[in-house]
Amino acid sequence: MKADTIIRTAVLALALFNQCLAAAGRPVLPIEEESVNQLVSAAFTVCAAVAAWWKNNSFSQAAIEADRYLDELRRGE
C-alpha cells in the first residue's frame with residue numbers, strides 16, 4: 001500500500017473513534033463546552049470521510065497493480 005492510503009485510512013479511523021467516544025460522552029478533544037466539542041468532532045469526521053471517499057484507496061494487490069497500469073497508460077508508456 002502507498003503511504004497516502006495508509007494515512008487517509010488512519011485519519012478516518014481516528015475520526016470515527018473520536019466520534020464514537022464523543023457520542024458515548026467521553027470526548028477526546030479537551031473542549032469545555034459540549035456543543036463546541038460535538039461540532040469539532042462532527043467536522044473532523046466529515047472531513048476525514050470525504051477525504052477517504054474522494055481518493056482512490058487501493059488495498060488489494062490487484063487494485064495496486066491496476067493503479068500502476070493506469071499510471072503507465074496516462075504517461076504513454
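The values are calculated or read from the model by the stated rules, or taken from the named source; none is laboratory data. Source: prediction; values computed, not measured. All Cβ positions, glycine included, derive from the backbone under ideal geometry; neighbour counts span all protein chains shown.
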Could you tell me which residue of the stretch 56-77 is modelled with the highest pLDDT, considering only residues that are closer than 14 Å to Lys2 by Cβ and part of a loop (DSSP other than H, G, I, E, B)?
Ser60
Is there any pair with a first residue in the stretch 50-68 that is among the β-branched types (Val, Ile, Thr) and a second that is assigned to a loop (DSSP other than H, G, I, E, B) whose Cβ atoms are under 8 Å apart and which are 6 or more apart or on different chains, and what are they?
Ile64/Met1; Ile64/Lys2; Ile64/Ser58
Residue that is nearest to Arg8 (Cα to Cα) [pool: residues in the stretch 30-73 that are of a type in the set (S, T, N, Q) and over 17 Å from the mean Cα position of the chain (by Cα)]:
Ser60
